[in-house]
Every structure is written in structure tokens, then in C-alpha cells.
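Here's the structure, in C-alpha cells; my notes come after.
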Amino acid sequence: GWRHRMCLVRGRLGETTVPPEELVWAAFRPGDRVVVTGGESAGPGTVLEWKERDATYLVSTAQGASVRVPPHLLSVAPDPGLDDHEDSDDDLTFVPIPRGPRDQGAVIMMHPWDLGFSHDYCSARFQSGRQGGQRHSVESTLRQLLRGGMQQSEFPQIRACQHTDFQLRVYTMSNRRLVVMRLRALAELIRMGYDGGPPSPGDPVVVVDGLFWGKTGVATRPRGDRWEVSLSDAAGDITLRASQLAVGERPDIQVKVRMVSDQEKESWGWVRKHRFSNKVFGAHTELKQEDGSMWRVGLCPGDCSAQVVEMVKAEVMGLRGP
């Protein structure tokens, strides 16, 4: 559960409250291919089992040894099928939501649902780049991506850093760029037929509220004003009760993210609280239009303003036309 910004945890000795950043999700299953990112056993390996007593994974290394590794030193092994990917440079690491500190300057590939917004709202036009005397807009950039005028590999890197107060989540310092990629994912959901309707038991869903936004699973049953969700990215049978869900499954989209240095964070103003102003833990933001209206950009059709869904749907339907 959740109580006063603390996680309510039930263990063998009863219930207690724990700061979210002190919790570790058992994110790997036996047989998963992983990369040990630090220590003497750094390199590829395979998960054997989770050792609950000392909160480590037993990993079989490429040398045949069995070692115990803390979760923050493990990441998902690159998919062999990515060897020919046009973005598979030597400096890229394919990882899930980071479970521990990320190296400064590292360039990683992340899903836009795993990146949080750092501001409650942002302008619909970029600060740089002009066309016809006007700055490029979020909508025109999305249109280029959907119509092939810009390739995914040409999209600029998103600068980001971790926020120690919120489960070490990664938050963008490029809010408008993340808006474009969230809308790119929204277009894929619309193509897949998800229209933002209410969930039914068995539907794939995304949690859109609280600290656990972005986690995907399957809706099992309603419980009062909440839904029980069976998480699909956690080890074991984990059930979460969420008050806000959106129907949809994770589109196959990755964006290049560069983890900034401490110097960049300081010059950007990240150390000052007002630079991180998002009140919903980064789940969504408001896109400020030139007429003063605010369009919500979230995760799925059910988590976005009607104007946003209609705009993206018009682009998708236009692409389907003659």
C-alpha cells in the first residue's frame, strides 16, 4: 500500500513503512540473461535464483562460476537480434527501468514510458529550430516521424538524470522531446486499436497514477473504485491495486537517452527544487498551446486529453488513407 509518501510493506514480522528508494524490485527470473555491470565478476551471465536472505541474485557467469550479485549491479543482456540495429553502437546499453545508479555520460536506450517528465507543463514549440519563420512545434516534429520525413535514428538524444527521491527513476531534462516520443507511442497504440475505453478483466493495462505509473500488467478484477492488476514485469505473483488504469500494451519503441553529468545538472538548475516541479511523479505533463489551452500528454489514450488523441488519430488515419 501507500501511506504518507511511504510504501506500506507487509513482511514476516508485520507491517512497516519504507521510503520507496530503499525498496528493490525482484526484476529477474531464473534463466534470464543478464550483464553484471560491476565488481570482479563483471560480464554476461544467467540468473539462477533470488536469495531473499541477503537480497542478492545467484548468477552463473560466463566463466562457469556462481556468484551473488546485488540487484543494482545487474541489467538485461542485449538481445542478440539487435546486433544489426542501426543504433547499436558500442556505447549503447539496452536496459529496463534503471534499478540502481546510472553512470554519468552513459547513453542508454529506454522506452518513453520509462522516462518521467520533470515539469508540470511545457510549450508546444521548441526553443530552437525554425521553419517558415516559426519555431518547430511538437506536432510538426511528430508528423515528420510518422510520415518518414525524420527517421527514429535521427531524433535527438534526450538528456536525463535520476531523481533520488523517486525510486531512482530517470527524468527528462528535454520535456518537449519526451512529449514527441510519448505521442509516437500513442500513435502505435491507436494503430493497434486501443481507443481509451474502460478496462475489462483480462485486458492489458498500464498503471497511470502514483509512484508505480508506467508499469504494465493485466487487469484481473475491480475492487470498489480500484482495479487489481497482475504485474507483468515483476518476479513472482505481484498484484497491485490501482485507482487509474489505461488500456493498452507497451509499443515497441526505444529512444536514445544520455545521462547528464553533475556539472550539467547544476548548470541546468536541477539542484534547485523548482526545476523539478512535476506533481505526478513524472507520469504526464500539460502541453501549452498558443491559444492558452492545456493538452495533457500521458501514457495511453485514456491518459491523454481528447484533443491530443484526436490530433494523433487524425495523423494515423491520414497515413492509412490513399
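The values are calculated or read from the model by the stated rules, or taken from the named source; none is laboratory data. Note that the structure is a prediction, hence the values are computed from the model and not measured. FYI the Cβ positions are ideal-geometry reconstructions off the backbone, even for glycines, and counts take in every protein chain you see. We work out accessible area using only protein heavy atoms, side chains counted, and drop any ligands, DNA or RNA first. Shrake-Rupley method; radii C 1.70, N 1.55, O 1.52, S 1.80 Å.
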### Task
Quickly run through segment 304-318 and pick out the residues that are surrounded by fewer than 18 Cβ atoms within 10 Å (Cβ to Cβ) and in contact with a strand residue (DSSP E or B) (Cβ under 7 Å, 6 or more places away or on another chain).
Ser305, Gln307
### Query
Which residue, of Thr17, Thr37, is open to solvent by 50 Å² or more (accessible area, probe 1.4 Å) and at pLDDT 75 or above?
Thr17
### Message
Quick check on my filter: what residues within segment 188-211 are under 27 Å from Met259 (Cβ atoms) and either surrounded by fewer than 20 Cβ atoms within 10 Å (Cβ to Cβ) or more than 14 Å from the chain's Cα centre (by Cα) (or both)?
### Response
Glu188, Asp209, Gly210, Leu211
### Summary
The correct count of residues that are more than 18 Å from Gly31 (Cβ to Cβ) and either surrounded by 13 or more Cβ atoms within 10 Å (Cβ to Cβ) or within 30 Å of the chain's Cα centre (by Cα) (or both) in segment 53-72 is 5
## Note on the structure
The residue from Glu249, Glu266 that alone is open to solvent by 30 Å² or more (accessible area, probe 1.4 Å) and either at pLDDT below 85 or out of contact with any Ser or Thr (no Cβ under 8 Å at 6 or more places or on another chain) (or both) is Glu266
### Count of segment 269-288 residues which are over 30 Å from Glu228 (Cβ atoms), at pLDDT 75 or above and open to solvent by less than 40 Å² (accessible area, probe 1.4 Å)
1
### Task
Could you check how many residues of segment 45-77 are basic (Lys, Arg) and either in contact (Cβ under 8 Å) with a residue 12 or more places away in the chain or in a strand (DSSP E or B) (or both)?
2
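Listed here are the residues, each with its yes/no results for (1) basic (Lys, Arg); (2) modelled with pLDDT under 85.
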{"site": "Pro78", "(1), (2)": "no, yes"}
{"site": "Asp83", "(1), (2)": "no, yes"}
{"site": "Asp91", "(1), (2)": "no, yes"}
{"site": "Gly100", "(1), (2)": "no, yes"}
{"site": "Asp114", "(1), (2)": "no, no"}
{"site": "Ser123", "(1), (2)": "no, no"}
{"site": "Arg130", "(1), (2)": "yes, yes"}
{"site": "Gln134", "(1), (2)": "no, yes"}
## Note on the structure
Scanning segment 302-312 for residues that are modelled with pLDDT of 90 or more and farther than 23 Å from Phe126 by Cβ gives Ala306
